[in-house]
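As structure tokens, the structure follows; a few thoughts come after it.
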Amino acid sequence: MIKRTFVSLLILSFLIGGCTAAPQVTVNSDKMLASGITVNQLIPKESPNQNSPLPASSSPSTSSGSITNDSQPVVQPLANSPSQPIAVGPDQYPSNINPLTGLPVSDPSTLQLPPALVSVTNFPVSARPQAGLSFSPIVFELYIGEGMSRFLAMFYGDFPQKTPALAGQPETGLTSADADIGPIRSGRLPYESIRKLYNGFLVMASAWKGVAANLNSFSDIFGSDNSNINSAMINVTQLSSIAQSNQKRLGDTALNGNEFDPQQVSGGKTANSVWMMWSMADQVFWRYDPTSGAYLRWQDNADGKTYTQATDRLTGKPLAFDNVVFLFANHRECTDTAFQVDLMYINKMKAEIFRDGKMYDAYWTTASGQYEVQTGKLRPIRFIDADGNPFPLKPGQTWVEIVPTGTPYWETVDSSNYLDLLNQKQPGSGNWAFRFFASQMVMDQKVCDQIRNQ
């Protein structure tokens, strides 16, 4: 591997708003049970625009669907950042570089803490905008049944904290003690594989007992309002405390394995947009924004036609992810809402990686190599090319859509009408479509019976 010289990078400054009371968490060292929490839902000082349009340069031109409002997305730039970040990884990183983003952190000691993986709801629509996703190095989106997807958001490195005022803007006054993450919902079977691969701990709002029995190192977070399904939130100060209490038990992190390079990768196909249909009531648009160099997210309002731009409740700013990855994996069904996803010890499986307005054919792996043999530790999901060489991600955040193997995808028309998107193929358009189909694979009967009978 070519050794690279590190050039100091200044940390990303975020503009954050809003406050709430910190929840009281009681930690059990075995199952990390946290209960009896009083949490108020975080409301920003200025409510974010929840009905922003798709970017004008690529807005759907159909009369069947509607895109509301007319404001343009605002992407917060890096403050005093170098014009060209450097390439890092896949095996070693400078001490202040987050190996999950390839970017520096303000406090390198936080990289010694285990990652927190927080189960964040996507339904009902009243849960949106979620709080904290713009601070997550990696967000996994996966199917949970009944036509819905859910997020497992990882928090590792810098948490939201007080930031200096940007030019012409007042200081937010927000501290980490004021910021909540969520809304939090129940755990799911695939969470355990992801937890093991990243040597982290789970935060969830309990789980069905058959699922919970298959999860480890978790904290249960409950809201105080039984009438509000979205009331479970976790304060980032408490999240940091749980991470610190888990540090000795979980041991050192082993999060190397991915390469980050700001230089655009050669080849690829034009990818102006990506449409993902989990179901009629769960449709997602990712649109490439050349100004920020990132993909911005929109989602329908569970009506199949009206799209709202995804923002972060903590900042009021649009979600902007530098990499969007479609990770193809075997899904095994036990019940309509209990799926397992094969993620462990995978030699090589298909992935489509979107970065810099291009789509690249790639692969992912969790195979054991020399590192695993020598250390006995697992490493994260790694992205590789056809020859097994690291595929360079763009420095920044990554959103991973976990879809079943055999998920169809094609180039489609520029539209917001799902029938047009589904049925009209337009090769060369740069507008990609993916459609979820429930897995035809079934879980091992003995394993499924164990889950059912817990």
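The values are calculated or read from the model by the stated rules, or taken from the named source; none is laboratory data. All of these numbers come straight from a predicted model, not from anything done at the bench. With ideal geometry, Cβ positions are generated from the backbone for all residues, glycine too; neighbour counts draw on all protein chains shown.
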Residue, modelled with the lowest pLDDT, within the range 375-391, restricted to residues that are in contact with a Leu (Cβ under 9 Å, 6 or more places away or on another chain) and under 14 Å from Pro99 (Cα atoms): Arg379
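If you go through the range 381-390 one residue at a time, do you hit one that is aromatic (Phe, Trp, Tyr), assigned to a strand (DSSP E or B) and touching a strand residue (DSSP E or B) at 6+ places or on another chain (Cβ under 7 Å)? Break it down into steps so the answer makes sense when it comes.
Of the residues in the range 381-390, the ones aromatic (Phe, Trp, Tyr) are 383.
Then drop every residue that is not assigned to a strand (DSSP E or B), which leaves 383.
Still in the running and touching a strand residue (DSSP E or B) at 6+ places or on another chain (Cβ under 7 Å): 383.
So far as the range 381-390 goes, yes, one or more of its residues are aromatic (Phe, Trp, Tyr), assigned to a strand (DSSP E or B) and touching a strand residue (DSSP E or B) at 6+ places or on another chain (Cβ under 7 Å).
Of all residues in the range 175-192, count the ones that are surrounded by fewer than 20 Cβ atoms within 10 Å (Cβ to Cβ) and either basic (Lys, Arg) or not in a loop (DSSP other than H, G, I, E, B) (or both).
Taking the range 175-192 first, the residues surrounded by fewer than 20 Cβ atoms within 10 Å (Cβ to Cβ) are 175-177, 186.
When the remaining residues are screened for being either basic (Lys, Arg) or not in a loop (DSSP other than H, G, I, E, B) (or both), the result is 176-177.
Count: 2.
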Checking Arg297 against (1) modelled with pLDDT under 95; (2) touching a Leu at 6+ places or on another chain (Cβ under 7 Å), the condition it does not meet: (1)
Qualifying residue in the range 387-407 (condition: buried (at least 19 other Cβ atoms within 10 Å of the Cβ) and either free of Cβ contacts under 8 Å to residues at least 12 places away in the same chain or charged (D, E, K, R) (or both)): yes
Qualifying residues in the range 198-226 (those that are surrounded by fewer than 19 Cβ atoms within 10 Å (Cβ to Cβ) and of a type in the set (D, E, K, R)) - the one modelled with the highest pLDDT: Lys209
The range 414-428, residues that are surrounded by 18 or more Cβ atoms within 10 Å (Cβ to Cβ) and within 23 Å of Gly293 (Cα to Cα): Asp414, Ser415, Ser416
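Between Ala302, Ala254, Ala294, which is within 22 Å of Phe391 (Cβ to Cβ) and more than 19 Å from the chain's Cα centre (by Cα)?
Numbers: Ala302 fails: within 22 Å of Phe391 (Cβ to Cβ); Ala294 fails: more than 19 Å from the chain's Cα centre (by Cα).
One residue alone meets the criteria, Ala254.
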Test: residue in the range 409-420 that is of a type outside the set (D, E, K, R), under 23 Å from the mean Cα position of the chain (by Cα) and modelled with pLDDT of 95 or more: yes
Search result, residues across the range 59-90 that are at pLDDT 90 or above and of a type outside the set (Val, Ile, Thr): Ala87, Gly89, Pro90
